[in-house]
Amino acid sequence: MAQPTEKSLRIEAAERTTMAKAVANALDLGCELMATCTGEATPGAPQHSYHNIQWGGFQKYGLRDNYIP
């Protein structure tokens, strides 16, 4: 199970920087479709990765059930 990075070890905007580089590389290689996934933002659990994915220009295509809290 993935665990979040400890706050003291986080680098400001590292996820956005990594995503931007991956998208740029994919576009340079001619990719026309890219996909990603993470937990959906819910009240009390903002899911920063979800926000970063939206910031990166990805659009929600669908949701699937998650049976693990």
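The values are calculated or read from the model by the stated rules, or taken from the named source; none is laboratory data. Everything quoted here is computed from the prediction, not taken from an experiment. Here the Cβ is made from the backbone with ideal geometry for all residues, glycine too, and neighbour counts use every protein chain on show.
Sort out which residues of the range 42-69 are within 27 Å of Ala26 (Cβ to Cβ) and among the hydroxyl-bearing types (Ser, Thr, Tyr), and write them in order of number.
Selection gives Ser49, Tyr50, Tyr61.
Checking the structure you have, find out if any residue of the range 1-19 is at pLDDT 80 or above, assigned to a loop (DSSP other than H, G, I, E, B) and surrounded by 11 or more Cβ atoms within 10 Å (Cβ to Cβ).
Checking the range 1-19: not a single residue is at pLDDT 80 or above, assigned to a loop (DSSP other than H, G, I, E, B) and surrounded by 11 or more Cβ atoms within 10 Å (Cβ to Cβ).
Examine the range 28-39 for a residue that is more than 10 Å from the chain's Cα centre (by Cα) and in a helix (DSSP H, G or I), and state whether such a residue exists.
For the range 28-39, residues more than 10 Å from the chain's Cα centre (by Cα) and in a helix (DSSP H, G or I): present.
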